[in-house]
Amino acid sequence: MNTRDEGVIKFKLTLKRAPAPEMNQVIALEKWRALFFKLGLIGEYPNEKIGFGNLSSRLIKKSFIITGSQTGHLPHLQAHHYTKVIECDLKKGSVTAEGLIPPSSESLTHYGIYEANPNIQYVFHVHHALLWEKMQQGPFDFISGDIPYGTQEMAEAAQSLLADKTSGVFVMRGHDDGIVAYASTADEAGKLLLELYRKLSVRQ
């Protein structure tokens, strides 16, 4: 029986069948995702067969490209494994996307982060149990432990937390193993996570 609150889409989803994003739109995301997969920051929980970790990049206006739901077990993604989110409504808890597969179950959270500051262009959400535990002991931004992942409440909390910030990391206390980095470039967001990983001497 699956006891892990993970991988389930909790928002109202409208998926419009459309061509996958262009490969040049996902190259920066895929570069970092492949590395995170090797480090165990993206993957699949073996017992539950549930994927974890998702990356996104802002497009224009309120749209963004994000990894598709339940792709965590794949070491490399192709363009069709990514989906374009074109509209979100936090009040209604709805997401409208275009592509070939559903977007990540964390899409609303990514939206909330992008809404917090127009300078945020990339959001990387990874998982690591030991790193997650250590971050809760240190001086890191966090979202309260009573807020579950993938919900309107999580998106609103992220938006509020990052209102005056353009880059950084935070820990989701109510989302087992969940850690998020955000920045104006993919490399900055990726390096924030790598530096954190190395600084806290986390090893698989």
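A few notes on this one:
- Estimated 222 nm signal from helices in the chain, with DSSP H stretches of n ≥ 4 weighted -39500 (n - 2.57), rounded to 500: -8500 deg cm²/dmol
- Cα-based shape type of the stretch 20-140, given that a ≥ b ≥ c are square roots of the gyration tensor eigenvalues and the cut on a/c is 1.5: oblate
- Separation of the alpha carbons by more than 22 angstrom is noted, of K134/K191; K16/K165; K165/K191, for K16/K165.
- Relative to the current alpha-carbon distance between T185 and E22, full extension at 0.36 nm per residue lengthens the span by 56.8 nm.
- Local electrostatic count, L193, Cβ distance below 12 Å [Lys/Arg +1, Asp/Glu -1]: +1
- Extended-chain gain in nm, criterion 0.36 nm per residue less alpha-carbon gap, K165 and H73: 29.9 nm
- Cleavage-rule hits (trypsin sites (Lys or Arg not before Pro)) in the stretch 54-123: DSSP loop, at most 12 neighbouring Cβ within 10 angstrom: K61, K91, K92
- Contour minus Cα-Cα distance for K91 and N119 (0.36 nm per residue): 7.8 nm
- Lysine pairs meeting the criterion (Cα under 22 Å, 8 or more apart or interchain), as found in the stretch 34-94: 8
- For the chain, the spread of Cα positions along each principal axis, largest first, Å: 43, 38, 34
- Global geometry of the stretch 99-148, whether rounded, prolate or oblate, following the gyration tensor of its Cα atoms and the 1.5 cut on a/c: prolate
No lab work stands behind these numbers, since they all come straight from the coordinates. This structure is a prediction, so every number in the text was calculated from the model and none was measured. All Cβ positions, glycine included, derive from the backbone under ideal geometry; neighbour counts span all protein chains shown.
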